[in-house]
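**Q** Please read through the structure below; I'll follow up with questions.
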Amino acid sequence: MPSNVASMEVVAGISKEWRRRMLFMFFMIFGMAAWFLSDGYIMWPNEAQRYGEYAEIKDALIESGDAVDEESSSVKLAWQRHAREAGYRSNVPKERTDADIHEQRVIGWVMMCGSLLFGAWIAWNHTRKVRAEGELVIGASGERVELDSITGMDRKKWKNKGIAYAIYDDGGKSRRLCLDEHKFKGCEAIILEAEKRIKARAEATRSASN
């Protein structure tokens, strides 16, 4: 390492922006799951019960000849009177079959399990970091890369996604280390240091050749 290049001490942890985005998605999925489960276990079974009472009133009026069909005013008035006495809402309930209710529960539980797994994944990601310790860069997945082994920096995704890839030599093989500034705040300092060293080595090579 050239004497004018300082060693690094950087700890890049999860960024606030990434955390906010992931938590928004988590609560959105969790909320949808809770909504389906609420329908499946509370709202729809209650509505199915109300519909059963409504169907009895409707069928009785049609059979007695006091109504032609469910659109008859006598059916609507009879239901409104019954709903008022029972403490129900006056709107006519929808038919909710056992299959409909079961489907809501299945969707709700699938989404709930998915949201909890997603939440666990978010929590696990908060244990990950990108570090620069002296001359060593330690990636989020544990990759260990010497700063001076980085020979190039791919910034194709930097502008839109905040991601750069450090290209380094590993036993004669060219590999890439992901440095995600959007996710791990602080990666940019590592990127800039690596680029500075690449430039310094290139200038030293040119000076030596001259």
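The values are calculated or read from the model by the stated rules, or taken from the named source; none is laboratory data. Model, not experiment: these values are computed from the prediction. Cβ atoms come from the backbone with ideal geometry, glycine included; neighbour counts cover every protein chain shown.
**Q** Testing LEU61 on (1) free of Cβ contacts under 8 Å to residues at least 12 places away in the same chain; (2) surrounded by 17 or more Cβ atoms within 10 Å (Cβ to Cβ), one condition comes back false. Which one is that?
**A** (1)
**Q** Condition first: hydrophobic (A, V, I, L, M, F, W, C) and farther than 18 Å from ILE42 by Cβ. Now tell me which residues in the range 100-118 satisfy that.
**A** The first filter runs over the range 100-118 and keeps only residues hydrophobic (A, V, I, L, M, F, W, C), leaving 101, 106-107, 109-113, 116-118.
Result: VAL110, CYS113, LEU116, LEU117, PHE118.
**Q** Search the range 81-130 for residues being of a type in the set (Gly, Ala, Ser) and modelled with pLDDT of 95 or more, and hand back the single one that is nearest to SER141 (Cα to Cα).
**A** First pass over the range 81-130, keeping only residues of a type in the set (Gly, Ala, Ser): 83, 86-87, 90, 99, 108, 114-115, 119-120, 123.
This time we only want the ones that are modelled with pLDDT of 95 or more, so: 99, 108, 114-115, 119-120, 123.
On the way: ALA99: 45, GLY108: 33, GLY114: 24, SER115: 24, GLY119: 19, ALA120: 17, ALA123: 15 Å.
Here the answer is ALA123.
**Q** Determine whether the range 120-133 contains at least one residue that is among the small types (Gly, Ala, Ser) and closer than 30 Å to THR151 by Cβ.
**A** Checked the range 120-133: at least one residue is among the small types (Gly, Ala, Ser) and closer than 30 Å to THR151 by Cβ.
**Q** Still on this model: Can you tell me which residues in the range 189-210 are touching a strand residue (DSSP E or B) at 6+ places or on another chain (Cβ under 8 Å) and without any contact (Cβ under 8 Å) to a residue 60 or more places away in the chain? Can you show your working first?
**A** From the range 189-210, those touching a strand residue (DSSP E or B) at 6+ places or on another chain (Cβ under 8 Å) are 189-191, 193-195, 197-198; that's our starting set.
Within the range 189-210, ILE191, ALA194, GLU195, ILE198 meet the criteria.
**Q** Continuing with this model, one more query. List pairs: first in the range 76-95 and in the same structural domain as ALA48 (by TED's automatic domain parsing) and basic (Lys, Arg), second surrounded by 15 or more Cβ atoms within 10 Å (Cβ to Cβ) and assigned to a helix (DSSP H, G or I), Cβ under 7 Å, 6+ apart or cross-chain?
**A** Short answer, once both residue conditions are applied: ARG89/ALA83; LYS94/GLU47; LYS94/TYR51.
**Q** Follow-up. Can you tell which of VAL137, VAL145, VAL130 is under 15 Å from SER15 (Cβ atoms) and buried (at least 16 other Cβ atoms within 10 Å of the Cβ)? Write out each step before concluding.
**A** On the way: VAL137 fails: under 15 Å from SER15 (Cβ atoms); VAL145 fails: under 15 Å from SER15 (Cβ atoms).
Just a single option satisfies the conditions, and that option is VAL130.
**Q** Mind checking which residues of the range 67-123 are among the polar types (S, T, N, Q), closer than 16 Å to ALA55 by Cβ and over 39 Å from the mean Cα position of the chain (by Cα)?
**A** Here is the first cut: in the range 67-123, the ones among the polar types (S, T, N, Q) are 72-74, 80, 90-91, 97, 104, 115.
Among the residues that remain, those that are also closer than 16 Å to ALA55 by Cβ are: 72, 74, 80, 91, 97.
If the condition is that a residue be among the polar types (S, T, N, Q), closer than 16 Å to ALA55 by Cβ and over 39 Å from the mean Cα position of the chain (by Cα), then SER72, SER74, GLN80 are the ones that fit.
**Q** Quick check, is TYR41 assigned to a helix (DSSP H, G or I), hydroxyl-bearing (Ser, Thr, Tyr), under 30 Å from HIS82 (Cβ atoms) and touching a residue at least 60 places away in the same chain (Cβ under 8 Å)? Give the derivation first.
**A** Values: assigned to a helix (DSSP H, G or I): yes; hydroxyl-bearing (Ser, Thr, Tyr): yes; under 30 Å from HIS82 (Cβ atoms): yes; touching a residue at least 60 places away in the same chain (Cβ under 8 Å): yes.
Answer is yes for this residue.
**Q** Restricting to the range 153-194, and then to whatever is surrounded by 14 or more Cβ atoms within 10 Å (Cβ to Cβ) and small (Gly, Ala, Ser), can you tell me which residue is nearest to ARG128 (Cα to Cα)?
**A** Per the stated criteria, the residue is GLY186.
**Q** Then there's this: Out of the residues in the range 1-15 that are surrounded by 15 or more Cβ atoms within 10 Å (Cβ to Cβ) and outside any loop (DSSP other than H, G, I, E, B), state the one that is modelled with the lowest pLDDT. It would help to see each step written out before you state the result.
**A** Of the residues in the range 1-15, the ones surrounded by 15 or more Cβ atoms within 10 Å (Cβ to Cβ) are 5, 8, 10, 12-15.
Subsequent filtering for residues that are outside any loop (DSSP other than H, G, I, E, B) retains 8, 10, 12-14.
Numbers: MET8: 80, VAL10: 95, ALA12: 96, GLY13: 96, ILE14: 97.
Top of the filtered list is MET8.
**Q** Regarding the range 52-59, can at least one residue be identified that is in a helix (DSSP H, G or I), at pLDDT 90 or above, in contact with a Pro (Cβ under 8 Å, 6 or more places away or on another chain) and closer than 30 Å to SER115 by Cα? Walk me through it before giving the result.
**A** Looking only at the range 52-59, we keep the residues that are in a helix (DSSP H, G or I), and these are 52-59.
With at pLDDT 90 or above added as a condition, the list becomes 52-56.
Then drop every residue that is not in contact with a Pro (Cβ under 8 Å, 6 or more places away or on another chain), which leaves 54.
Narrowing the set further to residues that are closer than 30 Å to SER115 by Cα leaves none.
No, because not a single residue in the range 52-59 is in a helix (DSSP H, G or I), at pLDDT 90 or above, in contact with a Pro (Cβ under 8 Å, 6 or more places away or on another chain) and closer than 30 Å to SER115 by Cα.
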